[in-house]
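What follows is a single structure, written as structure tokens, with notes after it.
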Amino acid sequence: MGESRRRCDAMTAEVSWICRTCANQYPASAEPPGKCRICAEERQYVPETGQEWTSLEELAAEGHRTSWTELEPGLFELAVTPSLGIGHRGLLVHTPRGGVLWDPPGFLDEAAVEFVRANGGLLGVAQSHPHLCGVQGEWSDRFRRSDGRGAPLWIPRRDAEWVLRSWDAVDWWDDRLEVAPGVTLIRTGGHFAGSAVLHLAAAAEGRGALLVSDTMMVLPGSRRVSFMRSYPMLLPMPARHLARLLASLDGVQYDRIYGGWTDRLVRSGARGVVRDSAELYRCWLTGSATDPDQDG
Ligand SMILES: [Zn+2]
Ligand SMILES: [Zn+2]
């Protein structure tokens, strides 16, 4: 035993590696994956300095911490400071059956878990798209049911190829899934084939709200959204994909939009904001908009 054995154990210990760039967590392995599948694809990027990996333990040692903020009754923001990966926030929706966690960041600590435990537990974890899954598997593992199954991870079947861990806990869905009364996943496509929004019928004083992340980007000033195939790599969303996205929201009642980052909010009038933003985007995409200084 002694030092050499302990060193050996440490060397072979399995770690659930987290990509430093996107903060998605991979299955446990002794060595980190060769590359991050998410970042190596054209919608993300690998830094010029190369692929880097970390772990929950290392992030905690570096001083990362979680905090919760109530955004409106029954809706809470989960933030990580210092910022990590893409820097998005998680959102937790209270329901009588437990919390619905949307797009968890790439770090959690006991304080974050305890907050959920003290507020009705975790009904399941939903994702907008594969870039922002963070440590969703950790959340599922920490809220295992009495039958041993992890808390459900609701993942659209259309994005199955991007699932990083083959969890027993995945509940596949197709175009719509009401995960709790008035809390409904809607697949819009666009950024990814399985890109989704979460519709909260009772939010915004009963007028309804959408959680959107990259499915549509809430822009500074809070009166515009935009639509992209890739935000960091600046690839536009084709008009036919935008048309399908808008059609998937036909008849959905909402007045507010919560973006994927702190303070990204369209407080009211959101349906009109989406309509006008989509029209402006389409005009520039197709070239029907004109700039008198260049087109005159
Ligand atoms: Zn990555
Ligand atoms: Zn994205």
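Here are a few things to note about the model shown:
For (1) crowded, with 17+ Cβ neighbours inside 10 Å; (2) away from ligand 1 (no atom under 16 Å from the Cβ); (3) at pLDDT 95 or above, each residue gets a yes or a no:
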| position | (1), (2), (3) |
| --- | --- |
| Met11 | no, yes, no |
| Val15 | yes, no, yes |
| Cys22 | yes, no, yes |
| Ala30 | no, yes, yes |
| Lys35 | no, no, yes |
| Ala40 | no, no, yes |
| Glu58 | no, no, yes |
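- Failed item in (1) more than 16 Å from ligand 2 (Cβ to nearest atom); (2) over 19 Å from Pro105 (Cα atoms); (3) of a type outside the set (A, V, I, L, M), with Gly63 passing the rest: (2)
- The condition of being open to solvent by 20 Å² or more (accessible area, probe 1.4 Å) and either more than 30 Å from Glu57 (Cα to Cα) or modelled with pLDDT of 95 or more (or both) holds for only one of Thr184, Thr215, that being Thr184.
- Residue within segment 62-79 that is open to solvent by 20 Å² or more (accessible area, probe 1.4 Å) and within 16 Å of ligand 1 (Cβ to nearest atom) present: no
- Residues that are open to solvent by 80 Å² or more (accessible area, probe 1.4 Å), in contact (Cβ under 8 Å) with a residue 12 or more places away in the chain and more than 10 Å from ligand 1 (Cβ to nearest atom) within segment 42-56 comprise just one, Glu42.
- Cβ pairs under 6 Å, 6+ apart, first in segment 71-86 and farther than 19 Å from Tyr258 by Cα, second more than 16 Å from ligand 2 (Cβ to nearest atom) and in a loop (DSSP other than H, G, I, E, B): Leu84/Phe107
- Residues of segment 121-142 that are touching a Lys or Arg at 6+ places or on another chain (Cβ under 8 Å) and not in a strand (DSSP E or B): His131, Gly137.
- Count - residues of segment 166-181 that are charged (D, E, K, R), exposed (fewer than 14 other Cβ atoms within 10 Å of the Cβ) and in a loop (DSSP other than H, G, I, E, B): 2
- Residues located in segment 242-296, provided they are under 24 Å from the mean Cα position of the chain (by Cα), among the aliphatic types (A, V, I, L, M) and not in a loop (DSSP other than H, G, I, E, B): Leu242, Ala243, Leu245, Leu246, Ala247, Ile257, Leu265, Val266, Ala270, Val273, Val274, Ala278
- Of residues in segment 118-165 being among the polar types (S, T, N, Q) and under 23 Å from Val80 (Cα atoms), the one most open to solvent (accessible area, probe 1.4 Å): Asn119
- The one condition in (1) open to solvent by 10 Å² or more (accessible area, probe 1.4 Å); (2) of a type outside the set (Val, Ile, Thr); (3) part of a loop (DSSP other than H, G, I, E, B) that Phe115 fails to fulfil: (3)
- Scanning segment 187-207 for residues that are outside any loop (DSSP other than H, G, I, E, B) and crowded, with 21+ Cβ neighbours inside 10 Å yields Arg187, Ala196, Val197, Leu198, His199, Leu200, Ala204.
- Test: residue in segment 16-24 that is of a type outside the set (A, V, I, L, M), without any contact (Cβ under 8 Å) to a residue 24 or more places away in the chain and on the phi < 0 side of the Ramachandran plot: no
The values are calculated or read from the model by the stated rules, or taken from the named source; none is laboratory data. Because the structure is predicted, anything quoted here is derived from the model rather than measured. Positions of Cβ are backbone-derived with ideal geometry, glycine not excepted, and every protein chain shown enters the neighbour counts. Ligands, DNA and RNA are excluded from the accessible area calculation, which covers all protein heavy atoms including side chains. Shrake-Rupley method; radii C 1.70, N 1.55, O 1.52, S 1.80 Å.
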